[in-house]
Number of protein chains: 2
Amino acid sequence: MTPFSFTLKTTDGKARRGRLDTAHGPIETPVFMPVGTVGTVKAMMPDSVRATGAQIILGNTYHLMLRPGAGQVAALGGLHKFMDWPGPILTDSGGFQVMSLSKLRKITEEGVTFQSHLDGDTIHLTPERSMEIQHLLDSTITMAFDECTPFPATYEQAADSMRMSMRWAQRSRDAFVAREGYGIFGIMQGSVFRDLREESAAALTRTGFNGYAVGGLAVGEGQEAMFEVLDYAPGLLPQDKPRYLMGVGTPSDIVGSVLRGIDMFDCVMPTRSGRTGQAFIPGGTLNINNACHKADPRPLDDTCDCPACTRHSRAYLHHLFKAREILGCMLLTWHNIRHYQRLMADIRQAIEENRYTNFAHDFLARETAHEPATEA
Amino acid sequence: MTPFSFTLKTTDGKARRGRLDTAHGPIETPVFMPVGTVGTVKAMMPDSVRATGAQIILGNTYHLMLRPGAGQVAALGGLHKFMDWPGPILTDSGGFQVMSLSKLRKITEEGVTFQSHLDGDTIHLTPERSMEIQHLLDSTITMAFDECTPFPATYEQAADSMRMSMRWAQRSRDAFVAREGYGIFGIMQGSVFRDLREESAAALTRTGFNGYAVGGLAVGEGQEAMFEVLDYAPGLLPQDKPRYLMGVGTPSDIVGSVLRGIDMFDCVMPTRSGRTGQAFIPGGTLNINNACHKADPRPLDDTCDCPACTRHSRAYLHHLFKAREILGCMLLTWHNIRHYQRLMADIRQAIEENRYTNFAHDFLARETAHEPATEA
């Protein structure tokens with residue numbers, strides 16, 4: 001078996017080019033992880049997800065515990081086998097979804113009690129239970145159970161929330177069952193307050209994790225405020241472990257975050273946008289539903305090698321969305337994930353070639369020039 | 001270029017093993033054609049349709065004339081290029097959909113006036129206009145414009161309707177632009193009345209087509225009544241041309257119709273059923289939504305080589321449908337089309353080996369024993 005380990009291959013300024021070895025295969029970083037909430041990357045065959053270049057995908061503890069149930073997934077051989085994804089899987093701990101999706105939650109030191117958004121059942125989730133569920137799912141990377149501090153929060157709210165999350169992080173670490181090639185990540189909180197971020201990083205480092213996430217960002221604070229935190233937060237974490245920015249983001253969010261020392265990303269943006277007709281293209285996005293695409297014989301993106309771009313016209317994709325055809329969601333999801341994977345490959349190459357600062361500068365200037373989403 | 005031609009390779013009783021050569025490739029018969037109503041076989045990538053063994057697909061004149069419009073498809077290079085299906089495409093003439101989908105129709109000798117089911121626009125469709133549209137779509141096999149006689153119909157209604165369809169068939173033939181490798185099929189009507197079927201067949205044969213469809217069946221008359229017509233109707237048509245039974249059907253419908261001399265079939269059943277969770281399996285069907293599949297680690301059909309069966313459990317497919325995930329539709333559609341294509345390959349082989357009567361007898365006995373749809 002392969003031990004769970006992170007190798008920092010090279011750095012370029014704060015940007016890092018690394019490799020994470022796991023029981024389910026290696027991951028070249030910086031990496032973007034497509035989201036497979038309930039055991040499927042929506043509208044994609046597992047083979048197609050692989051074909052985009054995705055190395056690792058996300059699963060959601062909250063969704064899978066409710067349906068089909070973690071014990072059910074375990075009885076069927078774990079999440080890898082269940083969904084036919086033999087590669088690495090990272091599962092979030094459920095903390096974020098309890099906050100964003102469930103109703104009537106009650107948070108105590110012990111954990112969270114909430115009502116299922118599916119059937120209203122009362123459910124109790126604790127650090128120990130979250131670890132048990134992620135173990136049953138056979139997650140390659142388990143996330144510590146935390147409270148995602150809402151934004152905005154007062155200093156006191158952010159401090160109280162962060163400190164409870166740090167106690168939950170220790171309980172998560174204690175409950176995590178170590179297995180060769182599997183890892184557990186702690187999650188830094190502290191909102192936009194530097195001393196709280198420092199306190200959180202110190203607490204997590206004392207406990208010791210296989211990787212560290214920066215949590216509590218991309219929750220409405222905006223890119224500028226996020227980058228302000230990322231100007232110092234990654235540097236508070238151990239150099240020799242991977243750093244994961246949860247729930248981020250747009251291509252420019254990712255490029256700017258890599259510039260500040262982040263290694264791992266996940267976001268529903270490429271998949272969710274794909275299902276509504278928003279496509280990522282160089283320099284911005286376009287909405288394929290717009291009438292201007294009705295007769296356009298050009299591909300979505302003539303630099304892209306995905307089936308939507310090599311096989312079809314914008315006019316055809318427009319037609320599929322107008323006719324509400326499933327194939328429209330399939331093709332745009334594929335394109336968007338491929339777009340993100342090509343971006344990550346470009347990022348990795350730029351770091352390897354020690355030209356990442358210029359790459360990021362050019363990229364952000366180009367994206368900014370096209371904000372908001374434009375029609376090419 | 002290849003001429004449009006039909007070769008009858010061998011017969012076994014009334015069952016026929018043939019080959020149809022077209023401008024867009026050969027078709028081994030008996031053949032089942034998946035339906036791609038508005039320029040996509042729903043929930044399938046074109047490559048996946050090919051991977052099922054499908055040789056030819058259907059397009060719908062009615063749907064495509066309304067959206068995106070035949071001129072639009074022509075401007076984008078024709079339906080083959082538009083939807084990335086370089087193989088043969090058969091388009092129906094629009095007659096059937098005008099009857100089943102549109103409102104406020106008025107039928108005259110000239111043609112049909114109806115309101116679009118999409119936006120209520122008033123549209124006029126004639127044999128000449130249907131030919132023009134199918135030409136613009138670049139259809140490999142054009143269908144004559146006809147009135148699909150409703151069932152039940154009195155003898156007089158059936159006779160009047162059939163005779164108008166025969167006049168429309170002649171106008172369709174006259175308006176069809178002959179091109180190397182392209183063909184036009186006439187459609188026999190006459191409901192369940194033998195002398196009307198004879199009169200219709202004689203009229204069509206006098207006009208002369210590249211193939212002949214048996215129309216007006218599978219419209220509610222039931223399998224027994226359909227087989228009664230098929231006991232004599234195919235024999236009224238030229239031996240040296242392909243015979244196409246429109247809109248049929250279940251596996252047992254197909255097996256019994258091949259036994260009676262039919263060469264070509266199309267039906268929305270495998271695709272539509274796939275999207276609602278009904279899967280075709282040996283001996284019948286199963287509904288993957290049923291709770292009995294929740295924890296079942298077995299494949300849908302352990303004799304099938306499609307991704308749904310080789311990669312996933314019934315429990316996973318059940319989960320996808322419960323969670324209303326698009327991948328559920330994708331996998332079950334793929335399975336059902338593959339199931340139909342495997343059936344057609346088995347049928348062709350049985351005819352080649354001169355054992356089709358036994359094959360059909362065994363198949364129908366097995367299917368009947370399992371009717372209605374059962375849970376394996």
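Based on the Cβ-Cβ distance of B:T303 and A:Q115, what FRET efficiency does E = 1/(1 + (r/R0)^6) give at R0 = 56 Å, to the nearest 0.05?
Numbers: r = 44 Å, r/R0 = 0.79.
FRET efficiency, B:T303 to A:Q115: 0.80.
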task = Using packing as a proxy for protection, rank A:214-221, B:182-189 so that the peptide with the highest average count of other Cβ atoms within 10 Å comes first.
result = B:182-189, A:214-221
remark   = Per residue of B:74-86, other chain Cβ atoms within 10 Å number on average 3
request  = Tell me, for the rotation carrying B onto A, which chain B residue has the beta-carbon closest to the axis and what that distance is in whole Å.
outcome  = B:I326, 3
note = Whole-number value, in Å³ per residue, for the convex hull of the alpha carbons of segment B:11-163 is 144
task = Please name whichever of B:L118, B:S5, B:F227 sits farthest to the positive end of the charge dipole of segment B:5-267, dipole taken about the Cα centre and charges placed at Cβ: Lys and Arg +1, Asp and Glu -1.
result = B:S5
request  = Any chance you could list the semi-axes, whole Å, largest first, of the equivalent ellipsoid that the Cα gyration tensor gives for segment B:260-376, using √(5λ)?
outcome  = 27, 14, 13
message = With the label 7 angstrom out along Cα to Cβ, how close does B:G120 come to the same site in each of the other copies, in nm, nearest first?
response = 3.9
query = Once you list every other residue whose beta carbon is under 13 Å from the beta carbon of A:G215, what net charge do they have if Lys and Arg are +1 and Asp and Glu are -1?
reply = -3
message = As a test of understanding, state the convex hull volume per residue of segment A:119-248 from its alpha carbons, in Å³.
response = 121
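With only Lys, Arg, Asp and Glu charged, each at its Cβ (+1 for the first two, -1 for the last two), find how big the charge dipole of chain B is about the Cα centre; round to the nearest 20 debye.
680
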task = Just add up the charged neighbours of A:D92: K/R +1, D/E -1, any other residue whose Cβ is under 12 Å from the Cβ of A:D92.
result = -2
remark   = Answer in debye to the nearest 20: the dipole magnitude of the protein assembly as shown about its Cα centre, from +1 Lys/Arg and -1 Asp/Glu charges placed on Cβ, is 260
ask   = What does the convex hull of the Cα atoms come to per residue for the protein assembly as shown, in Å³?
value = 166
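Relative to 2.2 N^0.38 Å, what does the C-alpha radius of gyration of segment B:247-290 come to as a ratio? Two decimals please.
1.27
Given the -39500 (n - 2.57) contribution per DSSP H run of 4+ residues, what per-residue ellipticity at 222 nm results for chain B, rounded to the nearest 500 deg cm²/dmol?
-12500 deg cm²/dmol
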task = Within the set of other residues whose C-beta is less than 14 Å from the C-beta of B:A323, count the net charge using Lys and Arg as +1 and Asp and Glu as -1.
result = +3
query = Between A:A225 and the same site in the other copies, what are the distances in nm, shortest first, taking label points 7 Å from Cα along the C-beta direction?
reply = 6.9
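About the Cα centre, and with charges only on the beta carbon of Lys, Arg (+1) and Asp, Glu (-1), how big is the dipole of segment A:273-370? Nearest 20 debye, please.
Dipole size: approximately 420 debye.
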inquiry  = Can you list the copy-to-copy distances for B:E180, using a point 7 angstrom from Cα toward Cβ, in nanometres, shortest first?
reply    = 6.6
Cα pair count fraction exceeding 25 Å, expressed as % - segment B:5-267 = 40
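Quick one: work out Rg over Rh on the C-alpha atoms of segment A:191-299, Rh as Kirkwood radius.
For segment A:191-299, the value is 1.11.
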query = What is the calculated FRET efficiency for A:N358 to B:A74, with r their C-beta to C-beta distance and R₀ = 51 Å, to the nearest 0.05?
reply = 0.60
remark   = Checking every Cys Cβ in the protein assembly as shown against the others at 4.7 Å leaves as unpaired A:C148, A:C267, A:C292, A:C306, A:C329, B:C148, B:C267, B:C292, B:C306, B:C329
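Every read-out reported here was derived from the displayed coordinates using simple, explicitly stated rules and does not represent laboratory data. Here the structure is a predicted model, which is why all the values come from computation and not from measurement. Virtual Cβ from ideal backbone geometry, glycine too; neighbours counted across all protein chains shown.
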